[in-house]
Amino acid sequence: FPDVKSILVKHLDSAAGPYDINYYTYRALLLPSRRLRKTAEKFAKKFLRRPYLSAHVRRTDFVKHAHPESTPSLSVVAKALTTISEKYRLRSIFVATDATEEERQELRKQNRRIVFFDQDLGHPGENALVEQWIAVFSNYFVGTQKSRFTLNIQEERDLMGIHVDRTWNHFCKDTSTLFPKPN
């Protein structure tokens, strides 16, 4: 297979739990490639001002089908991002999302400091890994309830020793309780 650049091993993260002797061996295999990590670092350095907030805003199937009961509107997301960034004096806001271009424009209209990773790396999985890596190194993270993408970011931040109060936060359906802790 001379043209193969990567291999997907589904659920490798479940092959061993954190108490298994091989857990950290498997975990090291799950890191994005050095090339993708460098892409994320260059993007953050060029487009984001520290300290920065990152968020994962899941849209597509979550809005109407998978989890409509917990997926907030864009106005709730924008309000939460503004509230967090002001409270913690965060200078930039990075949003990882599968939102449509129209939804991205709507978020930008509500908060001009929002930045998206808009480069096309040629494969959606590579773009997703870059977005996750940018989010991992933010000063504060808030994600989407019931999302594996969000959980990946939170787990990586945990392993790096980033404080739980700045990691395990989720958007709520409405603004009455913005950030519930996970169940």
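The values are calculated or read from the model by the stated rules, or taken from the named source; none is laboratory data. Since the model is a prediction, treat every value here as computed from it, not as a measurement. Here the Cβ positions follow ideal geometry from the backbone for every residue, glycine too, while neighbour counts run over all protein chains shown. Areas reflect the complete protein model, heavy atoms only, side chains present, ligands, DNA and RNA absent. Shrake-Rupley method; radii C 1.70, N 1.55, O 1.52, S 1.80 Å.
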**OP:** Check region 73-90 and report whether any residue there is touching a Pro at 6+ places or on another chain (Cβ under 6 Å) and either surrounded by 10 or more Cβ atoms within 10 Å (Cβ to Cβ) or modelled with pLDDT of 95 or more (or both).
**Re:** yes
**OP:** Report yes if some residue within region 44-61 is farther than 20 Å from Asp174 by Cα, touching a Leu at 6+ places or on another chain (Cβ under 8 Å), of a type outside the set (A, V, I, L, M, F, W, C) and surrounded by 20 or more Cβ atoms within 10 Å (Cβ to Cβ); otherwise report no.
**Re:** yes
Original post:
Which residue, of Ala78, Ala96, is part of a strand (DSSP E or B) and either of a type in the set (Ser, Thr, Tyr) or in contact with a helix residue (DSSP H, G or I) (Cβ under 6 Å, 6 or more places away or on another chain) (or both)?
Top reply: Ala96
Original post:
Does Arg108 satisfy the criteria of being basic (Lys, Arg) and either in a loop (DSSP other than H, G, I, E, B) or under 22 Å from Asn152 (Cα atoms) (or both)?
Top reply: no
**OP:** Looking at (1) in contact (Cβ under 8 Å) with a residue 12 or more places away in the chain; (2) open to solvent by 40 Å² or more (accessible area, probe 1.4 Å); (3) outside any loop (DSSP other than H, G, I, E, B), find the lone condition where Glu69 falls short.
**Re:** (3)
**OP:** Scan region 98-118 residue by residue and report those that are within 18 Å of Phe149 (Cβ to Cβ) and open to solvent by 70 Å² or more (accessible area, probe 1.4 Å).
**Re:** Asp118
